[in-house]
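The values are calculated or read from the model by the stated rules, or taken from the named source; none is laboratory data. Nothing here was measured: the structure is a model prediction, and the numbers come from that model. With ideal geometry, Cβ positions are generated from the backbone for all residues, glycine too; neighbour counts draw on all protein chains shown.
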Amino acid sequence: MVLLTPTTWRLPHWLIAIGSALALILYAGLLKPGELALWFASRPEVSQAFADPNFGRADALILIFSTLFLAPFAIFVGLVLLVFAVAMLGGFVLPVMRWFSLPDWTATALVVVVGAVTAWSQSEHWLPRSLWFLSLLARAWRVILV
């Protein structure tokens with residue numbers, strides 16, 4: 001009966017549910033990752049990347065290798081810094097929340113919401129570079145696999 005109430009689920013339950021839903025979506029053909037990767041790889045800003053006949057494949061392989069082995073460490077460091085920043089800013093907001101007789105978790109929630117709104121409002125600065133890198137990575141995979 002516990003599995004039928006999602007409010008009591010823990011992390012393994014959520015991971016299995018999300019993984020199963022993603023597998024069903026892929027099996028049904030609603031999401032086609034191959035077409036999405038080709039769209040990223042054919043974007044005009046990366047269409048000439050890795051085109052050198054002598055070193056194009058080597059450069060693509062170095063990019064893929066570096067991304068696969070360095071990205072987990074970079075993501076871990078980024079998450080640790082994000083948690084530290086949220087905890088530090090939440091500590092600054094906590095006295096104000098207590099002054100309004102609100103629960104302590106509202107300080108953290110407020111910091112996360114303000115951070116998300118700020119990231120969304122500044123997306124014109126970081127989103128084009130992120131799309132460019134994803135396109136470059138898709139182009140590298142295409143050069144290596146074709």
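Test I62 against the criterion of being surrounded by 12 or more Cβ atoms within 10 Å (Cβ to Cβ), out of contact with any helix residue (DSSP H, G or I) (no Cβ under 8 Å at 6 or more places or on another chain) and β-branched (V, I, T), and give yes or no.
For I62, the condition - surrounded by 12 or more Cβ atoms within 10 Å (Cβ to Cβ), out of contact with any helix residue (DSSP H, G or I) (no Cβ under 8 Å at 6 or more places or on another chain) and β-branched (V, I, T) - is met.
Residues in segment 32-58 that are within 22 Å of L127 (Cα to Cα), of a type outside the set (V, I, T) and in contact with a helix residue (DSSP H, G or I) (Cβ under 7 Å, 6 or more places away or on another chain): A37, F40, A41, R43, E45, A49.
Assess whether V96 counts as being assigned to a helix (DSSP H, G or I), aliphatic (A, V, I, L, M) and loosely packed, with under 11 Cβ neighbours inside 10 Å. So V96 fails the test.
Does at least one position in segment 61-76 carry a residue that is within 30 Å of T106 (Cβ to Cβ) and assigned by TED's automatic domain parsing to the domain that holds A140?
yes
A Cβ distance below 7 Å, combined with a sequence gap of six or more or placement on separate chains, defines the contacts here; from segment 95-112, residues that are closer than 18 Å to A85 by Cβ and in contact (Cβ under 8 Å) with a residue 12 or more places away in the chain reach residues that are of a type outside the set (V, I, T) and loosely packed, with under 14 Cβ neighbours inside 10 Å in the pairs M97/D104. Does segment 116-129 contain at least one residue that is assigned to a helix (DSSP H, G or I) and in contact (Cβ under 8 Å) with a residue 24 or more places away in the chain? No: segment 116-129 contains no residue that is assigned to a helix (DSSP H, G or I) and in contact (Cβ under 8 Å) with a residue 24 or more places away in the chain. For segment 6-56: of the residues being within 26 Å of V146 (Cα to Cα) and of a type in the set (S, T, Y), which is surrounded by the fewest Cβ atoms within 10 Å (Cβ to Cβ)? Of everything passing the filter in segment 6-56, Y27 is surrounded by the fewest Cβ atoms within 10 Å (Cβ to Cβ). Of the listed requirements (1) in contact with a Ser or Thr (Cβ under 9 Å, 6 or more places away or on another chain); (2) free of Cβ contacts under 8 Å to residues at least 40 places away in the same chain, L79 misses just one: (1). Yes or no: segment 125-145 includes at least one residue that is more than 30 Å from G34 (Cβ to Cβ) and surrounded by 14 or more Cβ atoms within 10 Å (Cβ to Cβ). No, that holds for no residue.
When segment 1-45 is examined, which residues are found to be touching a Ser or Thr at 6+ places or on another chain (Cβ under 6 Å) and in a helix (DSSP H, G or I)? Residues satisfying the conditions are V2, F40.
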